[in-house]
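Trainee: Could you have a look at this structure, given as structure tokens, before my questions?
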Amino acid sequence: MTTTQSQASHNASIVAPSRSHFGSQVFDELGMERDPNNLYLQTIDAVLHACEILELPHHVQIILAQPKNEIMVHFPVLMDDGHHRLFKGYRVQHNNACGPYKGGIRFHPEVSLDDVKSLAALMTMKCSLVRIPFGGGKGGVKVDPRTLSKEELRRVSRRFISAIETQVGPDYDIPAPDVGTNAQVMAWFADTYMNISSGPNRGDSQAVVTGKPIEMGGSLGREKATGQGVIDVLAELLPELNLSISTCTAALLGYGNVGSWAAKLLAERGGKVLSAFDHTGGVYNEHGLDTLALDEWVKNHGGVAGFEKEGAADAISIDEFYSMDVDVFIPAALEQMITEDRARQMNCKVVAEAANAPTTPAGERVLMEKGVEILPAILCSSGGVTVSYFEWVQNKTHMAWDIERVDEELNRHMVLAARRVQLARHRFNVDMRTAAYIAALENLGKVYAMRGIFP
Ligand code: GLU
């Protein structure tokens, strides 16, 4: 029996690969195309499929199919060489039925409106799944932050948040870090907003963003939270797949904030991170990489490549990385990296989606045929926004929680969310991704049933 066959039989009783594609009437009604390569349409297709299983009313489906607001701004910034450059930025507010819009702002050269719309919709789903009282939003600036000096980065950050100042607020829309942004950028966002915002609520205005530095109202444990959430979910769900967090082997795609924390926390609990691959290259150690040393290396060198020179790893190619035999494959980089071809190469039992939407629909089909269990992004990657919620609560109550409280509360939210997804899967006999949407939408559906539609 090949590895793939043995995985298929191992999971056959658990996975029911049955996702419909673009079957919804709502697509026709709203004039939306059925383009499988468009991330936004893919996301909404999956959301609507789950809505149909739950038989959510028509008005909930059309509301969720489009964001409430799509804000696009252009703003000039003075560069170090004395010329001005025009930047394009977005803030998409998908839904606020459960609470203020919430979600990160990314700085990346490939940022586009449709991607930000998709990521905003995923935030609505994440917040509802983990039952935190927020809706979903997302933002982005089309820029490669690696090409900016620190002063240019500061000016871009301040100018962008000032351009959307009237559209965000501590009780309305609360940004956070995402790809290419960090606590320093959040500090600039908060400071700019606190300087220019007016009105009676400005005392709480540091709560306009989360993921801030600890000294400026940030929460202990926020930086590691997304990676920690992935490990909390794995610890909860691996036993059902006859695996364990303390003995599993893993491959990390991406070694930035989320990937490096997931790797370090997995290793701390006994798991072995056999390989890591990022935009600079890949490394491997059959006995498990030293995740702390690798973290240090990445901080000093900008990526994992070259770590083999330290003597505790071998360099590997991208093909070797994808085809490696591991229990858990953790994509913790950008969207849509697990394509059909990459999925065919993969040799794992579980994919834990630490990044947003890392698997293409074609890649997902291949993985499901192979019997690979996919733990979906709206579950695995929701630890970050969960601790963002704790930060916001601490800001609002003028309290500072200790790390034990943050860790414990995060674990409780992640474990409950994981159980909700499992329950939905068994109840509706669907795959894990559909089950996660169902578990999120059940809550949202109840909120709409109670609130009704204004007027
Ligand atoms: N950007 C993160 C995410 O995609 C965190 C969002 C937040 O903390 O609001 O989940």
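The values are calculated or read from the model by the stated rules, or taken from the named source; none is laboratory data. Just so we're clear, the structure is a prediction, and the values are computed from it rather than from any experiment. Cβ placement follows ideal geometry from the backbone for every residue including glycine, while neighbour counts extend to all protein chains displayed.
Trainee: Could you tell me which residue of region 98-119 is surrounded by the fewest Cβ atoms within 10 Å (Cβ to Cβ), considering only residues that are more than 10 Å from the ligand (Cβ to nearest atom) and under 14 Å from the mean Cα position of the chain (by Cα)? Show your work before the answer.
Mentor: Residues of region 98-119 that are more than 10 Å from the ligand (Cβ to nearest atom), as a first pass: 98-100, 107-118.
If we keep only those that are under 14 Å from the mean Cα position of the chain (by Cα) as well, we get 115-118.
Values: ASP115: 25, VAL116: 29, LYS117: 23, SER118: 25.
Here the residue is LYS117.
Trainee: Hey, can you tell me all the residues within region 169-182 that are within 12 Å of the ligand (Cβ to nearest atom) and buried (at least 20 other Cβ atoms within 10 Å of the Cβ)?
Mentor: So the first thing to find is which residues in region 169-182 are within 12 Å of the ligand (Cβ to nearest atom), and the list is 173-182.
Within region 169-182, ASP173, ILE174, PRO175, ALA176, PRO177, ASP178, VAL179, GLY180, THR181 qualify.
Trainee: GLY227 fails exactly one of the following numbered conditions: (1) assigned to a strand (DSSP E or B); (2) in contact (Cβ under 8 Å) with a residue 60 or more places away in the chain; (3) not charged (D, E, K, R). What is the number of that condition?
Mentor: Of everything listed in (1) assigned to a strand (DSSP E or B); (2) in contact (Cβ under 8 Å) with a residue 60 or more places away in the chain; (3) not charged (D, E, K, R), GLY227 misses just condition (1).
Trainee: Still on this structure: Within region 77-96, track down each residue that is within 30 Å of HIS59 (Cα to Cα) and assigned to a loop (DSSP other than H, G, I, E, B).
Mentor: Residue satisfying the conditions is ASN96 alone.
Trainee: ILE44 fails exactly one of the following numbered conditions: (1) away from the ligand (no atom under 16 Å from the Cβ); (2) within 25 Å of ILE164 (Cβ to Cβ); (3) in a loop (DSSP other than H, G, I, E, B). What is the number of that condition?
Mentor: Failing condition for ILE44: (3).
Trainee: MET186 is checked against (1) surrounded by fewer than 20 Cβ atoms within 10 Å (Cβ to Cβ); (2) within 16 Å of the ligand (Cβ to nearest atom) and fails just one. What number does that condition carry?
Mentor: MET186 satisfies every listed condition except (1).
Trainee: Turning to a different aspect of this structure: I'd like to know if region 148-161 contains one or more residues that are touching a Phe, Trp or Tyr at 6+ places or on another chain (Cβ under 9 Å), polar (S, T, N, Q) and in a helix (DSSP H, G or I).
Mentor: Yes.
Trainee: Here's something else I'd like to know. Identify, from the list VAL116, VAL111, the residue that is under 19 Å from GLY384 (Cα atoms), touching a Lys or Arg at 6+ places or on another chain (Cβ under 7 Å) and at pLDDT 95 or above. Walk me through it before giving the result.
Mentor: Working: VAL111 fails: under 19 Å from GLY384 (Cα atoms).
On inspection, the qualifying residue turns out to be VAL116.
Residues checked against (1) crowded, with 19+ Cβ neighbours inside 10 Å; (2) outside any loop (DSSP other than H, G, I, E, B):
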site: PRO239; (1), (2): no, yes
site: THR247; (1), (2): no, no
site: LEU252; (1), (2): yes, yes
site: ALA276; (1), (2): yes, yes
site: GLU286; (1), (2): no, no
site: ALA293; (1), (2): no, yes
site: TRP297; (1), (2): yes, yes
site: ASN300; (1), (2): no, yes
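Trainee: Something else now. Which residue is modelled with the lowest pLDDT, if the candidates are limited to region 190-217 and must be outside any helix (DSSP H, G or I) and more than 24 Å from the chain's Cα centre (by Cα)?
Mentor: Filtering region 190-217 for residues outside any helix (DSSP H, G or I) gives 197-199, 209-213, 217.
With more than 24 Å from the chain's Cα centre (by Cα) added as a condition, the list becomes 197-199.
Numbers: SER197: 88, SER198: 76, GLY199: 66.
Here the answer is GLY199.
Trainee: State yes or no: is HIS84 surrounded by fewer than 21 Cβ atoms within 10 Å (Cβ to Cβ), modelled with pLDDT under 95 and in contact with a strand residue (DSSP E or B) (Cβ under 8 Å, 6 or more places away or on another chain)?
Mentor: No; evaluated as a whole, the condition is false for this residue.
Trainee: What are the residues in region 120-145 that are of a type in the set (D, E, K, R), more than 10 Å from the ligand (Cβ to nearest atom) and closer than 18 Å to PHE160 by Cβ, if any? Give the derivation first.
Mentor: Going residue by residue through region 120-145, those that are of a type in the set (D, E, K, R) are 126, 131, 138, 142, 144.
Adding the requirement that they be more than 10 Å from the ligand (Cβ to nearest atom) leaves 131, 142, 144.
LYS142, ASP144 - these are the residues of region 120-145 that are of a type in the set (D, E, K, R), more than 10 Å from the ligand (Cβ to nearest atom) and closer than 18 Å to PHE160 by Cβ.
Trainee: Run down GLY140, GLY104, GLY89 and say which single residue is within 21 Å of LEU334 (Cβ to Cβ) and either among the β-branched types (Val, Ile, Thr) or free of Cβ contacts under 8 Å to residues at least 60 places away in the same chain (or both). Explain how you work it out, then say what you get.
Mentor: Working: GLY104 fails: either among the β-branched types (Val, Ile, Thr) or free of Cβ contacts under 8 Å to residues at least 60 places away in the same chain (or both); GLY89 fails: either among the β-branched types (Val, Ile, Thr) or free of Cβ contacts under 8 Å to residues at least 60 places away in the same chain (or both).
The unique qualifying residue is GLY140.
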